[in-house]
Structure formats: structure tokens, C-alpha cells
């Protein structure tokens, strides 16, 4: 009886340990994500987000089919409780504008919204490639 209780306890411990390990690691965000959004007065825009890990921190670049973004570096990236947030700046100096993005991770999909400093906003959905 003691032997089977010990095996059961070991089994529960291993399952718990595996669960803790998998939850403590960052979700599998690293890679290329492709999708689309709609830009007011411009139409549909295909978007590519490439997420890497640099010195233990998430890093990313974005590009788009309208040519507004060409490997633009994303800033202030945070992934907390299944939500990825970051921002990037379009343009140069006096003509620049910041865009904030909030995405929820659901399986192999990042889904959420973006909003710009001038009040434009839209939905965005990206799928892992």
C-alpha cells in the first residue's frame, strides 16, 4: 500500500512540476507572425511581426504591405498574463507618431487592437508562421 501511495505522490509531484515549469516559461512567442489590420483612409494592410529574444528580453520588428513600416523596432515589449503589449514610432522627428498595440495570445494567434497618438485605431490579428 505504501509503495502505490509513494508512486501516486511521485506522479502528482511530476505533473505539478511540469505544469509549473511550462507556466513559468514565456509562451512560445518567438518567431514570425503574419496577419492584417485596416488602416483608416488606406485600407487593408498586411502586417509581419518578428519576435526574438535578445539577452533574455523580448524584442521585435514590424513590417507592412503599405510601406509605412520596414523592420521598425518595437519598444517597451511586455508579456504578462497572456497579453503582449508594445509600441513603435512611425516617421521621423517632427512628423513622427507613436502606435500602441495590445494583443492577447490564443493558441497560435495574437489578436487585439492598435491605436495611434492621433486617435486612429483598429483591430489586428496575427497568426504564427
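Are there any pairs, at least 6 apart or on different chains, whose C-beta atoms fall under 6 Å, with the first in region 85-113 and closer than 13 Å to residue 73 by Cβ and the second modelled with pLDDT of 95 or more and not in a strand (DSSP E or B), and if so, which?
That search, which allows pairs on different chains as well, returns 86/74; 88/74.
I'd like the residue in region 54-72 that is in a strand (DSSP E or B) and exposed (fewer than 12 other Cβ atoms within 10 Å of the Cβ) and, out of all such residues, is modelled with the highest pLDDT.
57
Taking into account only those residues within region 28-42 that are within 20 Å of residue 118 (Cα to Cα) and touching a residue at least 12 places away in the same chain (Cβ under 8 Å), which is nearest to the chain's Cα centre (by Cα)? Steps first, answer last, please.
Start the filter on region 28-42 by keeping residues that are within 20 Å of residue 118 (Cα to Cα), which leaves 37-42.
Cutting the leftovers down to touching a residue at least 12 places away in the same chain (Cβ under 8 Å) gives us 37-40, 42.
Numbers: 37: 15, 38: 18, 39: 20, 40: 23, 42: 24 Å.
Result: 37.
I'd like the full set of residues that are in a strand (DSSP E or B) and under 10 Å from the mean Cα position of the chain (by Cα), limited to region 81-111. Walk me through how you get there before you give the answer.
Keep residues of region 81-111 that are in a strand (DSSP E or B), which gives 83-90, 97-106, 109-111.
83, 84, 85, 86, 101, 102, 103, 104, 105, 109, 110, 111, listed by residue number.
Can you find a residue in region 12-31 that is part of a strand (DSSP E or B) and at pLDDT 90 or above? Before the answer, list the steps.
First, the residues of region 12-31 that are part of a strand (DSSP E or B): 31.
The next check asks that each one be at pLDDT 90 or above; those that pass are 31.
There is at least one residue in region 12-31 that is part of a strand (DSSP E or B) and at pLDDT 90 or above.
Considering 125, 95, which residue is loosely packed, with under 12 Cβ neighbours inside 10 Å and within 21 Å of residue 40 (Cβ to Cβ)?
On the way: 125 fails: loosely packed, with under 12 Cβ neighbours inside 10 Å.
Criteria check complete, one pass: 95.
The values are calculated or read from the model by the stated rules, or taken from the named source; none is laboratory data. None of the values given here were measured: they were computed from a predicted structure. When we count neighbours, we look across all protein chains shown, and the Cβ atoms used for this are built from the backbone with ideal geometry, even at glycine.
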